[in-house]
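Below is one structure, written out as structure tokens, with a few remarks after it.
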Protein chains: 2
Amino acid sequence: MAELLNLNRLAYFTTVMETGSFTAAADRLGVAKAVVSHQIGKLEEELGATLLQRTTRRVTPTEEGRLFYDRAMIILREAEAAYGEISRGAVEPSGTLRLTAPLDYGTKMVAPVMAAYLRTYPHMRVEAIFDDAVSNLVDEQIDLGIRVGWLADSSNQARRLGTIRQIVVASPGFAASLPPDVTPRQARSLAWVGNAQLRGIGQWLFSREGETVLTELNPVIMCDKSPAALACVLAGIGLGVFPDYSVSDDIAEGRLVPVFADWSLPSGGIHAVFPPARFRPAKVRTFVDLLAAAERRRSRGVATA
Amino acid sequence: MAELLNLNRLAYFTTVMETGSFTAAADRLGVAKAVVSHQIGKLEEELGATLLQRTTRRVTPTEEGRLFYDRAMIILREAEAAYGEISRGAVEPSGTLRLTAPLDYGTKMVAPVMAAYLRTYPHMRVEAIFDDAVSNLVDEQIDLGIRVGWLADSSNQARRLGTIRQIVVASPGFAASLPPDVTPRQARSLAWVGNAQLRGIGQWLFSREGETVLTELNPVIMCDKSPAALACVLAGIGLGVFPDYSVSDDIAEGRLVPVFADWSLPSGGIHAVFPPARFRPAKVRTFVDLLAAAERRRSRGVATA
DNA sequence: CAAACTGTCTGATCTGATCATACAAAAGGG
DNA sequence: CCCTTTTGTATGATCAGATCAGACAGTTTG
């Protein structure tokens, strides 16, 4: 495995074969005649065979030359195809996109984007892993991770797609049972549905026009999965804190109502995180663009609602 | 057709893929780690895509990397095969040997060597052009030319295979009709069969132990093909001058007898001439070796006869 | 926490590709 | 037959880029 073949010389050789002249080949390649002459000489030396019979006037291939030309052309075509395929993949999505997203955000936001993505790029394949907090993008060979909340990772590159607001909601029935002038200050005395998915379980910071209230909630039920917690709130068990995207439909259709609507909780970010790489494949870039657009649409919708 | 792809980097990449490590790849390639790192980086830059995910601890291919590896392996295998095929051709005969030889020498000497050659290298093909004085080896794509007599060409490389002696012969019947003490001095008064193939038609220089006779012959028949001239002599029309190889059989079997046996005519050379080339293919080299051996055998046979 | 190993970076070095020019040989034109 | 043009090659200067040795930061392992 000692000596490497210098494959770059193949292009010189095939060009000479095609043009039938060193001078013409040099022109086409944009180098000096002497370079072509030298490179062909080196190639012949490597092969230990004469490829081209050169009179001062004409250059004709030997039998070896003709044989080698066919092989060289195959190699170059193959190489061009390989380079093209990969380089095109940098422009146009191709292959399989492996992504991961939190379950609730995934079902609400990512799944529709996946559908749109597959409509736009029908020959793509998508593998989605809907799980909260995936360990390692590199080990799992994941192209794209969606993280909602507050980024913990540091080594991965990330792009912010949007913002989540956390909203306190209750079923209309439960909301009606609350005192009309209730504020977060009475939070501890109310019935809460806890959601282990969101951080800051212990304390929540409510704020309104510079006025802030830091309070502990008092979960009467603690669920470790968002959909379960949501189901509890829908059932009228108590108040719950959820990211806007997961309750917006229920609010719009009257199944839930916001509570403390003029107060706000700390907002988190929605981030796309990528494994460390010099270049971002098109399949990832386009998907993230789609998702970001969906996020912008959503935030406008929320803003106007 | 502007930018050339640097195909040499493919070997770096495949080695990293196979060893699964930059360090191991560097070892196998016999270069520094930094070189491999740099070359892979350049390759990824050329492609505009990341091929290998590298943690400090492990290196895993991306989807593009795995895809590209397959293509790269095909290319490298193809290249190795192409180089091998040609390089092997420099050691072991392969392909087609195109040769040219004079008709008479060809039928007597070259044809048997061709037979032996094909027995030794059964997968070879030979194209023989039996014609006297072929114009241009390069234009006709001829690998090997046999020239008998006196070399005129200058630009081609040549190798001397042997010597021809020219012999004056006659049929036994015609020889019997000659005066027993006839010498070349009486040449002009004898009946000659002319052979346009041999040069020096006009005058012949006979020599014996320092004694020389320059004389003109007197052709009663002039043939432009050696075999025809030979047929005339065999028919007893007159004396003829022929190269030794073309009459040795007839002499041995008594159909012809030498005349002026103790005189000699200018001897010529038998040469193998080659088109200008840096390297001589094995198919040519081996054939010439065989022919040279046959010539040595012949000259010994003549010497002992 | 230390040791070993990873891939990458840095600056010096040097191979080898490239260039501009000159040249010999051959073909074509007058 | 001379002259011009065009061929591929030779030459020496120049420069890009490959290579190397060593240092480095990060991770895994014990």
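The values are calculated or read from the model by the stated rules, or taken from the named source; none is laboratory data. Given the structure is predicted, the values throughout are model-derived calculations rather than measurements. Cβ coordinates were reconstructed from backbone atoms using ideal geometry, including for glycine residues, and neighbour counts include every protein chain displayed. Accessible surface is based on the protein model in full, side chains and every heavy atom, while ligands, DNA and RNA are left aside. Shrake-Rupley method; radii C 1.70, N 1.55, O 1.52, S 1.80 Å.
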Report task. Filter the stretch A:26-55 down to the residues that are among the small types (Gly, Ala, Ser) and under 27 Å from B:Ile74 (Cα atoms), then identify the one that is nearest to DNA strand C (Cβ to nearest atom). Result -> A:Gly41
Requested in this report: Report yes if A:Val110 is more than 9 Å from chain B (Cβ to nearest Cβ), more than 30 Å from A:Phe242 (Cα to Cα) and surrounded by 15 or more Cβ atoms within 10 Å (Cβ to Cβ), otherwise no.
Outcome: no
Query raised in the report: How many residues, within the stretch B:36-61, are outside any loop (DSSP other than H, G, I, E, B) and either farther than 13 Å from B:Leu10 by Cβ or within 11 Å of DNA strand D (Cβ to nearest atom) (or both)?
Result: 16
Requested in this report: Kindly check whether there is at least one residue in the stretch B:85-99 that is surrounded by fewer than 19 Cβ atoms within 10 Å (Cβ to Cβ), within 11 Å of DNA strand D (Cβ to nearest atom) and without any contact (Cβ under 8 Å) to a residue 60 or more places away in the chain.
Outcome: no
Query raised in the report: Can B:Ser21 be described as within 13 Å of DNA strand D (Cβ to nearest atom), modelled with pLDDT of 85 or more and open to solvent by 40 Å² or more (accessible area, probe 1.4 Å)?
Result: no
Query raised in the report: Exactly one of (1) within 14 Å of another protein chain (Cβ to nearest Cβ); (2) at positive phi is unmet by A:Arg285. Its number?
Result: (2)
Report task. Only residues that are surrounded by 14 or more Cβ atoms within 10 Å (Cβ to Cβ) and more than 8 Å from every other protein chain (Cβ to nearest Cβ): list them for the stretch A:55-72, please. Result -> A:Val59, A:Pro61, A:Gly65, A:Arg66, A:Tyr69
Query - Qualifying position, being among the charged types (D, E, K, R), farther than 15 Å from B:Pro243 by Cα and at pLDDT 85 or above, among B:Glu127, B:Glu140 - result: B:Glu127
**Report entry** Residue satisfying condition, being touching a Phe, Trp or Tyr at 6+ places or on another chain (Cβ under 7 Å), open to solvent by 10 Å² or more (accessible area, probe 1.4 Å) and either at negative phi or part of a helix (DSSP H, G or I) (or both), within set A:Arg255, A:Arg298
**Finding:** A:Arg298
Report summary line: In the stretch A:1-18, anything modelled with pLDDT under 85 and within 11 Å of DNA strand D (Cβ to nearest atom) is listed as A:Leu4, A:Asn6
Requested in this report: Find the residue count for the stretch B:152-165, including only residues that are modelled with pLDDT of 90 or more and either part of a helix (DSSP H, G or I) or within 16 Å of DNA strand D (Cβ to nearest atom) (or both).
Outcome: 0
Query raised in the report: Do we have any residue at all in the stretch A:25-35 that's within 45 Å of the chain's Cα centre (by Cα), within 10 Å of DNA strand D (Cβ to nearest atom) and open to solvent by 40 Å² or more (accessible area, probe 1.4 Å)?
Result: yes
Query raised in the report: If a residue has to be open to solvent by less than 60 Å² (accessible area, probe 1.4 Å), at pLDDT below 90 and among the aromatic types (Phe, Trp, Tyr) to count, how many in the stretch A:258-281 make the cut?
Result: 1
Requested in this report: Please indicate, with yes or no, whether at least one residue in the stretch A:75-82 is closer than 20 Å to B:Ser87 by Cα and not assigned by TED's automatic domain parsing to the domain that holds A:Pro281.
Outcome: yes
Requested in this report: Output the residues belonging to the stretch A:1-18 that are in a helix (DSSP H, G or I) and open to solvent by less than 70 Å² (accessible area, probe 1.4 Å).
Outcome: A:Arg9, A:Leu10, A:Ala11, A:Tyr12, A:Phe13, A:Thr14, A:Thr15, A:Val16, A:Met17
Report summary line: Listed by range, strands (runs of 3 or more DSSP E) wholly within the stretch A:166-247 having at least 2 residues that are in contact (Cβ under 8 Å) with a residue 24 or more places away in the chain and open to solvent by 60 Å² or more (accessible area, probe 1.4 Å) are A:203-208, A:219-223
Query raised in the report: Of the residues that sit in the stretch A:73-99 and are among the small types (Gly, Ala, Ser) and assigned to a helix (DSSP H, G or I), which one is farthest from the other protein chains (Cβ to nearest Cβ)?
Result: A:Gly84
Report task. Just give me the residues in the stretch A:100-129 being assigned to a strand (DSSP E or B) and under 11 Å from A:Arg147 (Cα atoms), in sequence order. Result -> A:Thr100, A:Ala101
Report task. Output the residues belonging to the stretch A:1-19 that are over 12 Å from A:Gly65 (Cα atoms) and more than 45 Å from the chain's Cα centre (by Cα). Result -> A:Thr19
